[in-house]
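The values are calculated or read from the model by the stated rules, or taken from the named source; none is laboratory data. It should be emphasised that the depicted structure is a prediction, and the values quoted were computed from it without experimental measurement. FYI the Cβ positions are ideal-geometry reconstructions off the backbone, even for glycines, and counts take in every protein chain you see. The accessibility values were calculated without ligands, DNA or RNA, using every heavy atom of the protein model including side chains. Shrake-Rupley method; radii C 1.70, N 1.55, O 1.52, S 1.80 Å.
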Amino acid sequence: EIAFAGDYNLPRIDLYNHKGQAIDLKNIVHELNIYESIYKNAITGSIVVVDANNFIGKMEIQGLERLSFKLETPGSGVFIDASMETGDPFHVYKISDRQQINPGTTVYTLHFGSREFMRNMRTKVSQAYEGRLDTTVLKIMMDKNYIDTKKEMSMEPTGNTHKIVIPNMRPYDAINMIAKKSLAQKSGAVGYYFYETTKGIYFRSWDNM
């Protein structure tokens, strides 16, 4: 049960390097942040690590690591499953703010994002699509050459169809372009939001929201 405001369960935070080796960071993590917004296409976050054992050197951290954890509000059954076994682990893409605070102790920040966030950074779309615009978004998200998401998706149908030519754009840039042209099927209102939360991925009209 919840003992105080802001109480949480976080049994461990495992960092897996590119060789598959894992280490539990729970006892050296000073701060964990997870960011989601209707104005952001993907979940991102950061952890601040106080490292007195040179884990950053022993693990050969390169920015290709995966971060695995389960974060739960006690007694609620509501949790973020970013575990390797049953969930969607996050991917580390940057290390910043490295400081030597005393001999033998280093503080640094690991920045992470969802798998979809990383796929978007590494791929480009050069293709023509025709049909309902929400269907085009779904195709980009599920295409193995692009985002290849396995997450639950909530797609509000659009009322307009177009032939869209995407000229070598990052997938999320292409989807944001499509979102601005989309008309809600029920009301005909223009404009959609495309965003990710810990519950899934959404493509919803401004009017609906």
Worksheet item: Across the range 195-207, what is the total count of residues that are part of a strand (DSSP E or B), open to solvent by 10 Å² or more (accessible area, probe 1.4 Å) and among the hydrophobic types (A, V, I, L, M, F, W, C)?
Response: 0
Item to complete: Six or more apart or on different chains, Cβ under 8 Å: which pairs go from a residue in the range 132-143 that's under 17 Å from ARG122 (Cβ atoms) to one that's in a helix (DSSP H, G or I)? Could you list them?
Response: ILE140/PRO171; ILE140/ALA174; ILE140/ILE175; MET141/GLU116; MET141/PRO171; MET141/ILE175
Worksheet item: Which one is surrounded by the most Cβ atoms within 10 Å (Cβ to Cβ) among residues in the range 121-163 that are farther than 23 Å from ASP207 by Cβ, touching a strand residue (DSSP E or B) at 6+ places or on another chain (Cβ under 9 Å) and of a type in the set (S, T, N, Q)?
Response: THR149
Fill in: Residue list for the range 16-36, restricted to those being touching a Phe, Trp or Tyr at 6+ places or on another chain (Cβ under 8 Å), touching a residue at least 40 places away in the same chain (Cβ under 8 Å) and under 17 Å from TYR93 (Cβ atoms)
GLU36
Fill in: Criterion violated by VAL48 - all others in (1) in a strand (DSSP E or B); (2) open to solvent by 40 Å² or more (accessible area, probe 1.4 Å) satisfied
(2)
Practice prompt. Kindly check whether there is at least one residue in the range 3-19 that is out of contact with any strand residue (DSSP E or B) (no Cβ under 6 Å at 6 or more places or on another chain), part of a loop (DSSP other than H, G, I, E, B), among the aliphatic types (A, V, I, L, M) and at pLDDT below 85.
Written response: yes
Item to complete: Please determine, by comparing only the residues of the range 31-85 that are closer than 30 Å to ALA3 by Cβ and charged (D, E, K, R), which one is farthest from the chain's Cα centre (by Cα).
Response: ASP51
